[in-house]
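**Q** Here it is, the structure in full.
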Amino acid sequence: MSAESAEGASDCRGESGMRCAAGCAASASTVMMSSSPSASPRRILRRTYTYKILTLMILGAILQCSLAFSSSRLQAQRSRDGRALRRDIAALSLKMQSSPDDRQQQHSWSFDAERTHQFGRRPLLAPKINLSNARISGPSPSTASRTVAALGSTTALAMGLGSSPPPYPVRVAVLGGGNFGLALASVLGRKGIPVTLLVRSEDIASELNSQHRHPRYMSDITLPTSIRATADPKTALSDATYVVHSVPVQYTRTFLEEVREYIPKGVPVLSASKGIETTSLGFMADILRETLGDERSYAFLSGPSFAREICEGVATAVVIASEDVDLTDDFADLFSSENFRVYTSHDVIGVEIGGAVKNVIALAAGMCEGLGLGTNAMSGLVTRGCAEMRRLGLALGARPSTIAGLSGVGDTFGTCFGPLSRNRKFGYRLGKGETMEEILASTTEVAEGVDTAIALRAMIKTRLKGYRLDLKYPILFGVADILEGNQTPENGLKGLMNMPIRKEAFERYES
């Protein structure tokens, strides 16, 4: 130890005896470090490493931001490409519309007076406003002027939210002439948009074209005159700018394989079918991509919407979901009117889960009513069914807000408590003691929940991992067992009431 350090140590001991030995040792070590010749290079080396690490972190952050920006630009470019493709389709449709060829197609919405008279339709530029009920059955004067401007430039694709048709030529093909296909066609027909229904037989098509009524479904309702029907897929689809699919899920794959060659490339498809396919255990999004390919956009409509009320013009709210942001806006503008409200979403799986599971819950609600158990039991059953829907949605990647929205809880309430629900009626008859064979033999309408219940149970067992899944989804599994004849509705209710006591919700442990 040097003389200076020794002198400092002696001074330390002489200061009233209050300074601690630790302070003295620290002072001594500081003197030694300052006298060490290697202390300064070490400090410089440490600072150099620190600067290098900070530089790498900054470069990594810049690279991450650059990749995120490039990804967003690529997504925006794809979105613009999709809109440009629809613009090209509209331009092609306009070109075909003004061409002099004499195509024998019932759905031609043409400026040619002879063919317009032949099919009983008014020209697009000749508005007709029905003042008695304040509904526009043809384009308004402002829409007509925009349409004239669109003849010179087909880039005007912005749709209005009113009840008039869009300012560019639109032809909508609706696949399926059942209740909901007729309902969606009526929504468009009331706005003066030309719609072609693809139905099973020419007899039905002739009845629709001449009497504007379906001979089997909702035969007491008169459809708008802008709706035409045909049994020829080529006639219905060859120049469609939008396709609406309303065929039951279990028949979708076979039907689309028969007509896909007639659907123009790039034309977007809106699916109004709900459920799960029994063979592939896939949702409608899976079926559409497998049959029609990935080179077009798809959207999915769901929500509390009974077909009869839609046709009667009763106020209705639905949601349309798609991964294509622009397509949801296009369909919302296309269908929205003063009595048909359309919301948009990008949670496709959430909308599909809600549309499928609610039918199974409605079967259970119908059984509860058929057994005469009262409002308390039915309310509790439906609430617990919605909890199982939410649990399944979270497990498959859906958003809780979607399950709590129109396509989930909203559609469930309408289907479980509405008097027009086919699935509730089916469950009610089961609760009254009828067999499935007797019910199916006495009706022509399809209760999607019957096939969906069995497919849903198989899908849960296939996609989800866990022990005793029947304890997580007792209502969904119980309905499937009843439909298969493994238990009666009475035994199923007893099984629910005798389940182990537990918390109402397991927020942290749901999977």
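The values are calculated or read from the model by the stated rules, or taken from the named source; none is laboratory data. What you are looking at is a predicted structure, and each value in this text was computed from that prediction instead of being measured. Don't worry about glycine lacking a Cβ; one is built from the backbone with ideal geometry, like all the others, and counts go over all protein chains shown. The protein model used for the area step is the full one, side chains on, heavy atoms only, and it has no ligands, DNA or RNA in it. Shrake-Rupley method; radii C 1.70, N 1.55, O 1.52, S 1.80 Å.
**Q** Hey, how many Å between the Cα centroid of region 460-492 and the Cα centroid of region 216-235?
**A** Cα centres, region 460-492 to region 216-235: 40 Å.
**Q** Hey, could you grab the Kirkwood Rh for region 261-419? Inverse mean 1/r over distinct alpha carbon pairs, Å, one decimal.
**A** Mean inverse Cα-Cα distance, inverted, gives 16.4 Å.
**Q** Would you please put 64-74, 236-246 in order of how densely packed they are, using the mean number of other Cβ atoms within 10 angstrom per residue and starting with the highest?
**A** Those peptides, ordered most packed to least, come out 236-246, 64-74.
**Q** Another question, then. Quick one: what are the phi-derived ³J(HN,Hα) couplings along region 234-245, Karplus 6.51/-1.76/1.60 with θ = phi - 60°, whole Hz, x for glycine and proline?
**A** 5, 5, 6, 10, 4, 10, 6, 9, 9, 10, 10, 9
**Q** For region 164-215 and region 345-392, what is the centre-to-centre distance using only Cα atoms, to the nearest Å?
**A** Cα centroid of region 164-215 versus Cα centroid of region 345-392: 31 Å apart.
**Q** Can you give the FRET efficiency for residue 396 and residue 43, using 1/(1 + (r/R0)^6), R0 = 60 Å, r = Cβ-Cβ distance, to the nearest 0.05?
**A** 0.60
**Q** D for region 216-333, whole µm²/s, Stokes-Einstein with Kirkwood Rh over alpha-carbon pairs at 37 °C and 0.692 mPa s: what number?
**A** 210 µm²/s
**Q** How do 503, 265, 234, 191 stack up against each other in accessible area, from largest to smallest, with a 1.4 angstrom probe?
**A** Accessible-area ranking of 503, 265, 234, 191, largest first: 265, 503, 234, 191.
**Q** Using a Förster distance of 51 Å, how high is the FRET efficiency between residue 220 and residue 470, based on the Cβ-Cβ distance and rounded to 0.05?
**A** 0.70
**Q** Ok, one more. By what distance, in whole Å, do the Cα atoms of region 348-446 stretch along each of the three principal axes, largest value first?
**A** 38, 30, 21
**Q** Now for a separate question. If you take the beta carbon distance between residue 64 and residue 441 as r and set R0 to 51 Å, what does 1/(1 + (r/R0)^6) give as a FRET efficiency, to the nearest 0.05?
**A** 0.20
**Q** Using only the Cα atoms of region 182-231, what are the Rg and Dmax in Å?
**A** Cα only, region 182-231: 9.6, 27 Å (Rg, Dmax).
**Q** Same structure, new question: Please turn the phi angles of region 169-184 into ³J(HN,Hα) values with the Karplus equation 6.51 cos²θ - 1.76 cosθ + 1.60 (θ = phi - 60°), one per residue in order, whole Hz, x for glycine and proline.
**A** With coefficients 6.51, -1.76 and 1.60, one gets x, 10, 10, 10, 9, 9, 8, x, x, x, 4, 6, x, 5, 5, 5 Hz.
**Q** Using modelled backbone amide H atoms (1.01 Å from N, in-plane), which distant-in-sequence or interchain residues come within less than 5 Å of residue 231's amide H?
**A** Distant-sequence amide H within range of residue 231: 199.
**Q** Using Cα-only point scatterers and the Debye equation, what is log10 of I(q)/I(0) for region 381-501 at each q in 0.10, 0.16, 0.19 Å⁻¹, rounded to two decimals?
**A** -0.32, -0.85, -1.20
**Q** Still on this structure, please answer the following. What are the extents of the Cα atoms of region 350-407 along their three principal axes, in Å, largest first?
**A** The principal-axis extents, from largest down, are 37, 18, 16 Å.
**Q** Still on this structure, I have one more. Mean separation of Cα pairs under 8 Å and 6+ residues apart, divided by the residue count of region 220-329: what relative contact order is that in percent?
**A** That works out to 23 percent.
**Q** What are the residues whose amide H is under 5 Å from the amide H of residue 177, where those residues sit 5 or more places off or on another chain and H is modelled from the backbone?
**A** 200
**Q** I would also like to ask the following. Residue 461 to residue 211: extension gain in nm, 0.36 nm per residue of separation minus the Cα-Cα distance?
**A** Separation in residues times 0.36 nm, less the Cα-Cα distance, equals 85.1 nm.
**Q** Another question about this same structure. Considering only DSSP beta bridges whose two residues both sit in region 267-419, what percent are antiparallel, to the nearest 5?
**A** Of all bridge pairs located within region 267-419, approximately 30 percent are antiparallel.
**Q** Moving on to the next point. Would you mind checking region 380-404 for residues with the amide N under 15 Å from a putative spin-label position 7 Å along Cα→C-beta of residue 497?
**A** Taking a point 7 Å out along Cα→Cβ of residue 497, the residues of region 380-404 whose backbone N falls under 15 Å are 380-381.
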